[in-house]
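A short reminder: the numbers here are calculations on the coordinates, not readings from a lab. Nothing here was measured: the structure is a model prediction, and the numbers come from that model. As a convention, Cβ positions derive from the backbone with ideal geometry for all residues, glycine included, and neighbour counts pool all protein chains shown.
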Amino acid sequence: MPLSGTTLAVAAFAEQTATIDLGTSRAAQSLARSLSLGNGTGAGQADRVFSDRRTLAASGTEDLDLAGALVDAFGATVTFARVKGLVIAAAAGNSNNVVVGAASSNPWATLLGATHTLTLRPGAFVAVGTGAADATGYAVTASTGDLLKVANSGAGSSVTYDIHIIGCSA
C-alpha cells in the first residue's frame, strides 16, 4: 500500500525580553525542521507506517517487533527494514513515566544503542527524523535487532502513550 503526503515536523520558538533604557529588547530564537517523504524505499522516501495508542499495565513492558509483528490501520503486517521517522508521546494524565529502549534481547539499537533508554515524563514527547537525503535511516535487523521496548516506570497505575513510526520495507 503506497504512502502519500508523509511529513514529519518539529518546531521550537522562544523569545527572551529585557527592559532597557528606551523600552524592551527582544531576542527571538527558533529552530524548525521538517521532513517530507515520497513513496518508496530510497533517500527521501518511505513506504510503511505504524501508528497506535497503547496502554501498559502498572510496571508493565512490551517489545514492539519492528520487523513483522506490528499491524497497520488496514490490518496488514508492517515490516520495517529502516526507520525514517519516530514520534512517541506519553499521555499527560499518566502518573508514571514511559521508558523507551533497552530490550533484553534483540534490541533495535541503531537509535539509542542496545542498553540506553529515554524517559518520557507525563505529557512529554520525542520526535526523531532522518534527513531527506538519508537513504539508510535507522536500520532494523529482523530477528537480531528489531525490538523496541516500551515500559511503564512504576507500579500503581497504567500508562498510555502514542507512537508513530515511518519507515521503509527494504
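Results for (1) free of Cβ contacts under 8 Å to residues at least 24 places away in the same chain; (2) closer than 21 Å to SER143 by Cβ, shown as yes or no for each residue.
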| residue | (1), (2) |
| --- | --- |
| ILE20 | yes, no |
| VAL87 | no, no |
| ASN94 | no, no |
| PRO107 | no, yes |
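Taken together, the criteria exclude ALA69 from residues that are of a type outside the set (Lys, Arg) and not in a strand (DSSP E or B).
Taking the listed residues SER51, SER59, SER36, the one that is touching a residue at least 60 places away in the same chain (Cβ under 8 Å) and either outside any strand (DSSP E or B) or hydrophobic (A, V, I, L, M, F, W, C) (or both) is SER59, with no other qualifying. Restricting attention to the range 25-36, the residues that are surrounded by 11 or more Cβ atoms within 10 Å (Cβ to Cβ) and out of contact with any Gly (no Cβ under 6 Å at 6 or more places or on another chain) total 4.
Looking across the range 9-24 at every residue that is in contact with a Ser or Thr (Cβ under 7 Å, 6 or more places away or on another chain) and surrounded by 10 or more Cβ atoms within 10 Å (Cβ to Cβ), the one that is nearest to PHE80 (Cα to Cα) is identified as ALA9.
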